[in-house]
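Heads up: the structure comes next, in structure tokens.
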Amino acid sequence: MHIWLVDNGNKEAKSLKHEIENISVYSVCGCGCASIDFAIDGNPVKSNSGMTVVSDFLYDSEKGNQMGCFLFTVDKHLAGIEVYSLGSNEIPDVLPLQQKLYPFKT
């Protein structure tokens, strides 16, 4: 799925596609959601400067609740995928299939 998020993200996301082959999951969120942080070549992507969202989509959970999913960078490196609930108490405990993702309406 992270390849799809890169391919359908902004210019910064697309410019970092070469990092995908070296990405592994470094950590998962402690709240129980499916959010993940990446390591590149085994080194965690960490920074104190915050994150930049480079690909941002919505999806509907199996229970019909609207959820969000975004790919983010830290210091111009792919750094993780965040999933979150919009307007419900449901915790998104699995990453969505790329076929379920759809853009925000503008």
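The values are calculated or read from the model by the stated rules, or taken from the named source; none is laboratory data. Every value quoted in this text rests on a predicted model; they were computed, and no experiment measured them. With ideal geometry, Cβ positions are generated from the backbone for all residues, glycine too; neighbour counts draw on all protein chains shown.
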>> Out of the residues in the stretch 60-106 meeting the condition of being touching a Pro at 6+ places or on another chain (Cβ under 8 Å) and closer than 30 Å to residue 41 by Cβ, tell me which one is surrounded by the most Cβ atoms within 10 Å (Cβ to Cβ).
In response: 69
> Take the residues of the stretch 9-31 that are within 15 Å of the chain's Cα centre (by Cα), part of a loop (DSSP other than H, G, I, E, B) and in contact (Cβ under 8 Å) with a residue 60 or more places away in the chain: which is surrounded by the fewest Cβ atoms within 10 Å (Cβ to Cβ)?
Replying inline: 16
>> One residue is enough: does the stretch 82-95 have a residue meeting the conditions modelled with pLDDT under 95 and acidic (Asp, Glu)?
In response: no
